[in-house]
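Have a look at the structure below, then the notes.
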Amino acid sequence: LAKESGRNQFSFYTKALNADARAKLAMENELRRTLLKHELTLHYQPKVDLRSGHICGAEALARWRLANGSMVSPAEFIPLAEKSSLILNLGAWVIDEACMQVRTWLDAGLKDICVALNISARQFRSSDLDKQLEQALEKHGIEAHHLELELTESMLMHEPEQAVATMHKLKQIGVKISLDDFGTGYSSLAYLSRFPIDTLKIDQSFVRGVVTDPDSAEISSAIIGLAHRMKLRVVAEGVETEDQLAYMRTNGCDELQGFYFSKPLPADDFAELLRSGKSLAQ
Ligand code: C2E
Ligand code: MG
Ligand code: MG
Ligand code: MG
């Protein structure tokens, strides 16, 4: 009997696994088609300068709209795309789309726009990221200072020497570089000082706790101190409440990003918000 139920259990698991694998494959194929059919879009979340209260940039975040109107979260499809070379197609599309959007905004008279793009590990390691960026900048006729690349610690610490070299190549183009989700990976401080970066982004898991959890508060203020000692700017991501904003203000954070100010917005809505010149943090 035990054997019997053991076997049943086994076949239950393989069935479940197969179903899971099939679902993943189906999603991957769907994503591939999506890229071709232009069902992918970018939303833009404002970054707010804490001193002026004005929008000082945006982070471009991928959105996948299904035929039935529902949205698949990038938390679901990016990790999937990263498992295959699909992430390279997706990454190339994001670069081109963001440059096209910056061009549109500049043509519409908006100035001082800097759009941050999330770069995946594979994309960062691919040998032609710098050429892709240069080509997209040239194609859309925009200057490199309008772009920022968000990298994560884990993708840099994988092969840090190589990463330093790649980052220098990217910096030479003139784009800015920030370290995303900072504090959740494990950068060595020695390398951190060698990375040619402009900005640290405090991970939202710490920002969430600054008012309620002393550890999160300590870590956040330590990151702000570290960034400033290293002459870097520091951004708090995932700011949702006035108390979190107040903490960041008291502790001298430079920029804030989060639902308290705005969700990621479709391009036109972002432009409208930017054009309104509204101060978002007073
Ligand atoms: P991330 O780069 O750390 O982006 C910040 C995430 O936090 C976004 O989720 C954003 O919508 C969300 N967020 C912003 N403010 C708040 C807040 O106040 N509260 C909460 N709870 N969340 C907030 P999203 O758009 O779902 O993206 C998830 C992750 O997917 C991103 O994390 C990034 O790692 C990845 N991703 C998104 N777009 C791209 C892309 O174009 N390429 C690559 N390679 N990765 C992307
Ligand atoms: Mg990011
Ligand atoms: Mg982040
Ligand atoms: Mg994240």
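No other residue among 200, 256 is of a type outside the set (Gly, Ala, Ser), within 11 Å of ligand 1 (Cβ to nearest atom) and not in a helix (DSSP H, G or I) apart from 256.
Within the option set 27, 71, being farther than 25 Å from residue 148 by Cα, of a type in the set (A, V, I, L, M, F, W, C) and at pLDDT below 85 holds for one residue only, 27. Filter region 42-53 for residues that are of a type outside the set (D, E, K, R) and surrounded by 16 or more Cβ atoms within 10 Å (Cβ to Cβ); which is farthest from ligand 1 (Cβ to nearest atom)? If we take residues in region 42-53 being of a type outside the set (D, E, K, R) and surrounded by 16 or more Cβ atoms within 10 Å (Cβ to Cβ), then 50 is farthest from ligand 1 (Cβ to nearest atom).
Would you be able to say whether some residue in region 58-71 is in contact with a Lys or Arg (Cβ under 8 Å, 6 or more places away or on another chain), in contact (Cβ under 8 Å) with a residue 40 or more places away in the chain and not in a strand (DSSP E or B)? No, every residue in region 58-71 fails to be in contact with a Lys or Arg (Cβ under 8 Å, 6 or more places away or on another chain), in contact (Cβ under 8 Å) with a residue 40 or more places away in the chain and not in a strand (DSSP E or B).
Just one of the listed residues (113, 119) is within 27 Å of residue 273 (Cα to Cα) and in contact with a Phe, Trp or Tyr (Cβ under 6 Å, 6 or more places away or on another chain), namely 113.
Residues in region 203-213 include at least one that is under 21 Å from the mean Cα position of the chain (by Cα) and either closer than 17 Å to residue 94 by Cα or not in a helix (DSSP H, G or I) (or both). Scanning region 224-245 for residues that are open to solvent by less than 10 Å² (accessible area, probe 1.4 Å) and either over 16 Å from residue 51 (Cα atoms) or free of Cβ contacts under 8 Å to residues at least 24 places away in the same chain (or both) turns up just one, 227. Taking the stated definitions as given, is residue 65 at pLDDT below 95, open to solvent by 50 Å² or more (accessible area, probe 1.4 Å) and in contact with a Ser or Thr (Cβ under 9 Å, 6 or more places away or on another chain)? Criteria met by residue 65.
I'd like the residue in region 188-197 that is of a type outside the set (D, E, K, R), part of a loop (DSSP other than H, G, I, E, B) and touching a Pro at 6+ places or on another chain (Cβ under 9 Å) and, out of all such residues, is nearest to ligand 4 (Cβ to nearest atom). Quick ask: steps written out before the conclusion?
Here is the first cut: in region 188-197, the ones of a type outside the set (D, E, K, R) are 188-193, 195-197.
Now drop any that are not part of a loop (DSSP other than H, G, I, E, B), which leaves 188, 193, 195-197.
Keeping just the survivors that are touching a Pro at 6+ places or on another chain (Cβ under 9 Å) gives 188, 195.
Details: 188: 21, 195: 18 Å.
Residue satisfying both the conditions and the ranking: 195.
Scanning region 139-177 for residues that are assigned to a loop (DSSP other than H, G, I, E, B), within 16 Å of ligand 1 (Cβ to nearest atom) and surrounded by fewer than 16 Cβ atoms within 10 Å (Cβ to Cβ) turns up just one, 158.
Can you find even one residue in region 204-212 that is under 24 Å from residue 251 (Cα atoms), away from ligand 3 (no atom under 15 Å from the Cβ), open to solvent by 30 Å² or more (accessible area, probe 1.4 Å) and out of contact with any helix residue (DSSP H, G or I) (no Cβ under 6 Å at 6 or more places or on another chain)? Yes, region 204-212 has at least one match. Under the condition of being surrounded by fewer than 20 Cβ atoms within 10 Å (Cβ to Cβ) and either within 16 Å of ligand 4 (Cβ to nearest atom) or touching a residue at least 40 places away in the same chain (Cβ under 8 Å) (or both), the residues counted in region 119-135 number 5.
State whether the residues of region 80-101 include one that is crowded, with 16+ Cβ neighbours inside 10 Å, within 16 Å of ligand 3 (Cβ to nearest atom) and free of Cβ contacts under 8 Å to residues at least 24 places away in the same chain. Among the residues of region 80-101, not one is crowded, with 16+ Cβ neighbours inside 10 Å, within 16 Å of ligand 3 (Cβ to nearest atom) and free of Cβ contacts under 8 Å to residues at least 24 places away in the same chain, which makes the answer no. Kindly indicate whether residue 39 is more than 18 Å from the chain's Cα centre (by Cα) and surrounded by 12 or more Cβ atoms within 10 Å (Cβ to Cβ). Judged against the criteria, residue 39 is a match.
With respect to the conditions (1) more than 20 Å from residue 133 (Cβ to Cβ); (2) more than 16 Å from ligand 2 (Cβ to nearest atom), residue 164 lacks only one, and its number is (1).
The values are calculated or read from the model by the stated rules, or taken from the named source; none is laboratory data. Note that the structure is predicted; figures quoted are calculated from it, not measured. Cβ sites come from the backbone with ideal geometry, for glycine too, and all protein chains shown count toward neighbours. With ligands, DNA and RNA removed, areas are computed over all heavy atoms of the protein, side chains included. Shrake-Rupley method; radii C 1.70, N 1.55, O 1.52, S 1.80 Å.
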